[in-house]
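Structure record follows, encoded as structure tokens.
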Amino acid sequence: MFALIAWVSGTNGPGVLLPLGKVILAVYLGCLLHAALLYCGLILCIGKLNPIRFFRGIADAQLVAFSTASSAGTLPVNLRCTQKNLGVSESISSFVLPLGATLNMDGTAIYQGVTALFVAQAYGIELNLPHYLTIIVSATLASIGTAGVPGAGMIMLSLVLGSVGLPLEGVALIAGIDRILDMARTTLNITGDAVGAVLIARGEGELNEDVYYERTPLVPL
Ligand code: ASP
């Protein structure tokens, strides 16, 4: 990563790092807002559960995702967290989480949207409403096709850039900071998978609330 950043700043001048800092800020803020508004809202309104307890329960999986930047690599920890800390049944979690680790990548879609706008601005290309709509659709589709391994979202970014005619060389501008962005988007990706598992388990009556709320069963005298 250091070599890539050195190459990017060496080739484009140190001034290029400031907009990259803004990209990092935008992606982290987007991921935080998505988790705070959408995921909290879903857990609260649809699951009728305490979102703080949810985030405490999956903290281990989030830490592993943040440090490995791989949804697939985090899958075993996410399975353990949802089953042992959140009370999701084994049958639901072992179906929903592997499926989510392959298909459900909200963080990757946010990242691809933000970086596509960054590339357009970096090259001075003006985008209009149809372009924005195309970016939304192609980023959603590209995120579904992204593998749960580090850096896969950056490869799929070329598909999003190509869909609105942005220069593919723009991927090189992002490459130096991609790992930092990957850590945030992967954390959001696996959080979304866990939200799905909890809500489906809740709907199917397969969620053990005693485990979710850490209620210790009464020990008979
Ligand atoms: N690293 C991400 C994941 O495993 C995929 C990506 O590169 O966006 O979820």
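The values are calculated or read from the model by the stated rules, or taken from the named source; none is laboratory data. Since this is a predicted model, take the numbers as computed values, not measurements. Glycine also receives a Cβ, built like all others from the backbone with ideal geometry; neighbour counts cover every protein chain displayed. Remember, those area values only see protein heavy atoms, side chains included, never the ligands or the DNA or RNA. Shrake-Rupley method; radii C 1.70, N 1.55, O 1.52, S 1.80 Å.
Every test in (1) open to solvent by less than 80 Å² (accessible area, probe 1.4 Å); (2) at pLDDT below 95 is passed by Leu18 save one, and that test is (1).
From the list Gly176, Gly153, exactly one residue is within 16 Å of the ligand (Cβ to nearest atom), touching a residue at least 40 places away in the same chain (Cβ under 8 Å) and crowded, with 24+ Cβ neighbours inside 10 Å. Which is it?
Answer to the check: Gly153.
One line per residue, one yes/no per condition, for (1) buried (at least 22 other Cβ atoms within 10 Å of the Cβ); (2) touching a Leu at 6+ places or on another chain (Cβ under 7 Å):
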{"position": "Ser9", "(1), (2)": "no, yes"}
{"position": "Ile24", "(1), (2)": "no, yes"}
{"position": "Leu42", "(1), (2)": "no, yes"}
{"position": "Pro51", "(1), (2)": "no, yes"}
{"position": "Ala65", "(1), (2)": "yes, no"}
{"position": "Gln83", "(1), (2)": "no, no"}
{"position": "Gln112", "(1), (2)": "yes, yes"}
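Residues that are part of a helix (DSSP H, G or I), of a type in the set (Val, Ile, Thr) and touching a residue at least 12 places away in the same chain (Cβ under 8 Å) occur in the range 206-216; there is at least one.
Glu169 meets the conditions (1) surrounded by fewer than 22 Cβ atoms within 10 Å (Cβ to Cβ); (2) in contact (Cβ under 8 Å) with a residue 40 or more places away in the chain in every case but one. The failed one is (2).
The set of residues in the range 119-141 that are assigned to a helix (DSSP H, G or I) and open to solvent by less than 50 Å² (accessible area, probe 1.4 Å) comprises Val119, Ala120, Ile135, Ser138, Ala139.
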